[in-house]
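Just below is one structure, and these are the notes that go with it.
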Amino acid sequence: MAKRPSRDPGAPKRNLSAYLLYQNAMREQFKALNPGMTFGQLAKYTSAMYAELPPTEKEAWGARAEADKARYLHELASYVPPPGYDSKGDAIISPLTTKSGRKGKPEKDVNAPKRNMSAYLLYQNAMRDQFKRENPGMTFGQLAKYTSHMYRNLTPEEKATWVARSQQDKARYDAEIAAYVPPPGHDARGVLIEDHRPRKRNKRGPKDPAAPKRPSGAYVFFTNDMRPKVLQEYPGIKFVELGKVLGERWRSLTPEQKKRYEELAAEDKVRFQMEMQQYTANQQAQQPPPPVPVPQVVAPQQHLPPPVMSEAHHHYYADPNAAYAAQYAHDPYAQHAQYHTA
């Protein structure tokens, strides 16, 4: 059975912003002008070119975006979604697996209460659009780093405001989750119980404690260095949000800043290879030697004495004709009768 797509193919195409319209229109031209640029470099170049447009040209792209938005709203007004899709054509329950086959986010009841947010995430969501307008040429990573910097520089009174909002959001979530009645097959938070079944893991033997520790990547060295600083900046931050902040700061690093951690990762890889060679040699030395094959002893051939024969046998084997003649010497007719009988 084919999987249902996450979006209705017949749904109206969503409208694009002024920048995306400009990006789509200029992509091929910028590629031709800069054939050696990577995807990321081309994106930065496009953003810089858009930021340097004169106001009249930006207004023209803004007018195109408004026209595209009007087109989308007009088509959406007459759109009738099929069963299983919402009014915009999105699947009500998104598929669990991604295109690569890996497990995605667990399915959740659409009516379940929305999780509460920390003070930093509330600030980030509230200021994102403003910071984008003030810094149109910034990449995603640079914008995240800028937002984090602005949050750290807030006055204690301003931070207290966002902390109070976070506490209010938590109280809202606690009250809603207390009154929430999950549908069949969902847990108390509205997540499908089936998605929380423990995964079957391959049975592996116990790891040798003497085996070398596997090498760490550049990002691991970065997180080990940055995690204490983030915990100091945001006391009480949740584990998931900590991972998001670390990921944003890693993406905002310049190649020169990442080089330090990449060098540490390269050194750790060399360390692992050397320790692995020594470990393999020790394992081979500790193995018992192969058993020595026992040579098979072949018994010498015994020379049996010749059989003892009687005197009559001796004469028979010595001269068979003489023995034959002696047998019938007393009755010459016996030989003749035996011949005819045969």
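None of the figures in this text is laboratory data; all of them are computed from the coordinates on show. Given the structure is predicted, the values throughout are model-derived calculations rather than measurements. Please note: Cβ atoms are built from the backbone with ideal geometry, for glycine as well, and neighbour counts cover all protein chains shown.
The slack in the chain from Leu73 to Asp174, taken as 0.36 nm per residue of separation less the alpha-carbon distance, amounts to 32.7 nm. Take the Cα of Glu59, step 7 Å toward its Cβ, do the same at His149, and the gap between the two points is 3.3 nm.
Please give the FRET efficiency for Glu157 paired with Lys229, using the beta carbon to beta carbon distance and R0 = 25 Å, rounded to the nearest 0.05. For Glu157 and Lys229, the calculated efficiency is 0.60. Spin-label model, Arg165/Met37: points 7 Å from Cα along the beta carbon direction are separated by 3.6 nm. For the stretch 113-265, compute Rg over Rh where Rg is the Cα radius of gyration and Rh is the Kirkwood radius from the inverse mean 1/r over Cα pairs. Result for the stretch 113-265 is an Rg/Rh of 1.06.
Overall shape: oblate for the stretch 1-95, with the ratio a/c of the largest to smallest alpha carbon gyration tensor axis at 1.5 or above and b/c at least equal to a/b. Of the peptides 225-232, 212-219, 144-151, the ranking by mean beta-carbon count within 10 Å, highest at the top, reads 144-151, 212-219, 225-232.
Calculated FRET efficiency, Gln278 and Lys44, Cβ-Cβ r, R0 41 Å, to nearest 0.05? E between Gln278 and Lys44, to the nearest 0.05, is 0.35.
For Val292 and Asp208, what is the calculated FRET efficiency with R₀ set at 41 Å and r taken between the beta-carbons, to the nearest 0.05? FRET efficiency, Val292 to Asp208: 0.90. Computed extension gain for Lys258 through Gln142, at 0.36 nm per residue and net of the alpha carbon distance, reaches 40.3 nm. With the simple model of a label 7 Å out from the Cα in the direction of the Cβ, Met26 to Lys269 spans 3.7 nm.
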